[in-house]
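Where a number appears in this text, it was derived from the coordinates with a stated rule and is not lab data. Source: prediction; values computed, not measured. Virtual Cβ from ideal backbone geometry, glycine too; neighbours counted across all protein chains shown.
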Amino acid sequence: MPTVHISLRAETLFQLFGIPVTNALLTTWFSMAVLIFLSLMTSGNIKMIPGTLQNIMEMAVGGIHNLFEEILKENIQRFFPFLMTLFLFIFFNNWAGLLPGVGTIGLTKNEESKEALFSNRAVAATSEFTAGEKSAGESATAAENQKTVKNSEFIPLFRSGSADLNTTLALAIMTVGYVQYAGLSALGFSYLKKFFNISNPINFVVGILELISEFARIVSFAFRLFGNIFAGEVLLTVIAFLIPLLAPIPFLGLELFVGLIQAMVFPLLAAVFFSMAVSHEEH
């Protein structure tokens, strides 16, 4: 009987120089290759009268630039390349998980079931004890035949990179780390007064709470993106399993929208944190 394959963690496909390569990492590499190809195609053929691809890229970059400019003001040129890279990387990773074959094309790994083997040996021993007419040789042969029982495990070849907590956690740590660096480089050591202020007990407690909130941002960044994309994949898998024809289409459209929104939310929050970090003293 067919079963639904749902795994919280990304599955390892093979080892590369001793480093495990998971299906989420493989999809991430595919998204990176597409991004590199598009950037080379666009930047290498810039024309005064733009073609279709250049038009699309200029509209996307220009629109997002104007959106971030409302938040970052004069700091837009400093942080926009990082924020735009975040958006494109997350966007392509989110939508890559919705491509045909992702989650459905994979490998079947056969493993011997130790529980089944133990149970079969117990049954063979019981039958040997209760049925005296069976010889010891026949019982041993039956037990050996039962050893061939295998369990099949399906491992998808591709999985959305955003549905792997390792990817979202790495993006969160990198972003929050960059925010702290931006604050230190803009305000110097006075930026640390935000966290360590011993002028009075109230400011000290507020500073500790601010420090805790910085670490909480990592958790919020990582689990928000991971939770939304992983939940969407589970929803599509279950709906496709229960009602394969037509029913998944509306949910697929919903996940396209969620993938776009989540790709926008991540850099937007990062832009707000950048703005707060470099202008903290002014407030």
Say R0 is 45 Å: what FRET efficiency, to the nearest 0.05, do residue 153 and residue 34 get from their beta-carbon distance? 0.90
Would you mind computing, in nm to one decimal, how far apart the modelled labels at residue 105 and residue 53 are, each placed 7 Å from Cα along Cα→Cβ? 2.2 nm
Given H placed on each backbone N at 1.01 Å, which residues far from residue 153 in sequence or on other chains put an amide H within less than 5 Å of it? 109, 110, 111
What whole-number distance in Å separates the alpha-carbon centres of region 230-268 and region 10-54? 22 Å
Could you sort 22-31, 64-73 so that the peptide with the highest average Cβ count within 10 Å comes first and the rest follow in order? 22-31, 64-73
What's the extension gain from residue 272 to residue 216 if we count 0.36 nm per residue and subtract their Cα-Cα distance? 18.6 nm
Spelling it out for residue 106: with amide H atoms placed in the peptide plane at 1.01 Å from N, the residues 5 or more places away or on another chain with amide H under 5 Å from its amide H are 157
